[in-house]
Amino acid sequence: MKKKLAVVLFNLGGPNAPEDIRPFLKNLFSDKAIIELPAIFRMPLAYLISTTRAPKAKPLYDLMGGFSPLLKNTKQQSEAILNSLTKKLENYEIKTIISMRYWNPLSKEAATELVEFNPDEVVLLPLYPHYSKTTTGSSVKEFQKYYKGKARLVREYPVLDGFVKANVKSIMAEYEKLGKPERVRILFSAHGLPQKVIDSGDVYEKQIKQSAAAITNELPSNFETVVCFQSKVGPLKWLEPSTPNEVKRAGKDNIAIIICPIAFVSDHIETLVELDVEYKELAHELKVPQFGRASVVGCDEDFIDGLTDLVIEHLEKS
């Protein structure tokens, strides 16, 4: 009889319909890992932010059809991982389960599905290559409210060979599409965090730079590269340099740019709107000679193989 293996995939989540935007934002800003205030202050603030930001966010989601494609993309990755694991682990019955942090399917639903499957082994696999208490940390903590069983955690994989290879291929494909400009600068753009999160010991920035260095080592030596951060909100000091400022610098330097969304493994509002629309328009206004955006790693074969090998590696640990 085959043993049962469950792989739980963690991701952020996103609104699946226009009416989901406000409650999604409320869930996001209710998270103590995002707003570090006592609940008595945090919850009313989350309500206020979500109520005021939802109408502003709606036109951005409208550009993507009124909803986030993140769940659809994560389902495709889930299926690809399942297929890859099934080929490599013939002695296991395998199930992949999606657990989103801020919108459906939420942690409670995922935990219920996991208990019903009744697996012999559980591997938690964040679709965040870089560890942060605001992403993987928050997702795992929330999931463990509802699932108390034993599980093996893949904590991070910033220099995973398949992740690096997939990004290199994506950058080079975009470089070819731009006609191989003589001078090009790769902007490794990651979602930003308040500086105080990093100052408290979070390893996110360090791991982003590790990924960027590993990818840079595989690129042509004449490529310029820089790590930068997008999506800043609020008055706090955030990680720098910002991606918009790097786009501006490229305009001044008269150099082509390719943005590589290094912290994201699937498309959503930060790539399809912030990068593809807002920063592209900014680059045009600033007369950046050429603008390209490397695709996310998604279901790239090297990336999926790398993830499945990580699962197997953790499964084999005593």
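The values are calculated or read from the model by the stated rules, or taken from the named source; none is laboratory data. What you see is a predicted model; the values in this text were computed from it and never measured. Ideal geometry is used to build each Cβ from the backbone, glycine not excepted, and the neighbour counts take in all protein chains shown.
So the values come out like this:
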quantity	calculated
Answer from Thr96, Thr112 - the residue that is closer than 29 Å to Asn27 by Cα and surrounded by fewer than 15 Cβ atoms within 10 Å (Cβ to Cβ)	Thr112
Long-range neighbours under 9 Å by Cβ, at least six apart or interchain, first residue closer than 24 Å to Ser295 by Cβ within segment 182-204, second among the basic types (Lys, Arg)	Arg185/Arg249; Phe188/Lys209; Gly192/Lys232; Tyr204/Lys133
Conditions (1) buried (at least 20 other Cβ atoms within 10 Å of the Cβ); (2) within 23 Å of the chain's Cα centre (by Cα); number of the one not met by Lys75	(1)
Test: Pro119 is touching a Lys or Arg at 6+ places or on another chain (Cβ under 6 Å), buried (at least 17 other Cβ atoms within 10 Å of the Cβ) and not in a helix (DSSP H, G or I)	yes
Residue check, Asp309 touching a helix residue (DSSP H, G or I) at 6+ places or on another chain (Cβ under 7 Å), of a type in the set (D, E, K, R), in contact (Cβ under 8 Å) with a residue 60 or more places away in the chain and on the phi < 0 side of the Ramachandran plot	no
Tally of residues being loosely packed, with under 15 Cβ neighbours inside 10 Å, free of Cβ contacts under 8 Å to residues at least 12 places away in the same chain and not small (Gly, Ala, Ser) across segment 33-61	11
Test: residue in segment 32-47 that is hydroxyl-bearing (Ser, Thr, Tyr) and closer than 24 Å to Thr136 by Cβ	no
Residue check, Ile98 aliphatic (A, V, I, L, M) and within 19 Å of Asp309 (Cβ to Cβ)	no
Test set (1) crowded, with 20+ Cβ neighbours inside 10 Å; (2) hydroxyl-bearing (Ser, Thr, Tyr); (3) outside any helix (DSSP H, G or I) - Tyr146 fails condition number	(1)
Subset of segment 2-39 (residues that are part of a loop (DSSP other than H, G, I, E, B), in contact with an Asp or Glu (Cβ under 9 Å, 6 or more places away or on another chain) and closer than 28 Å to Phe117 by Cα)	Lys2, Gly14
In segment 278-311, the residues that are more than 18 Å from the chain's Cα centre (by Cα), of a type in the set (A, V, I, L, M) and within 22 Å of Asp253 (Cα to Cα)	Leu282, Ala283, Leu286, Val288
Single unsatisfied condition, Leu239 versus (1) more than 22 Å from Leu178 (Cα to Cα); (2) surrounded by fewer than 18 Cβ atoms within 10 Å (Cβ to Cβ); (3) hydrophobic (A, V, I, L, M, F, W, C)	(2)
Some residue of segment 33-40 being at pLDDT below 95 and not aliphatic (A, V, I, L, M)	yes
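Listed here are the residues, each with its yes/no results for (1) surrounded by fewer than 21 Cβ atoms within 10 Å (Cβ to Cβ); (2) touching a Gly at 6+ places or on another chain (Cβ under 6 Å).
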| position | (1), (2) |
| --- | --- |
| Pro244 | yes, no |
| Lys248 | yes, no |
| Ile258 | no, yes |
| Val265 | no, no |
| His268 | no, yes |
| His284 | yes, no |
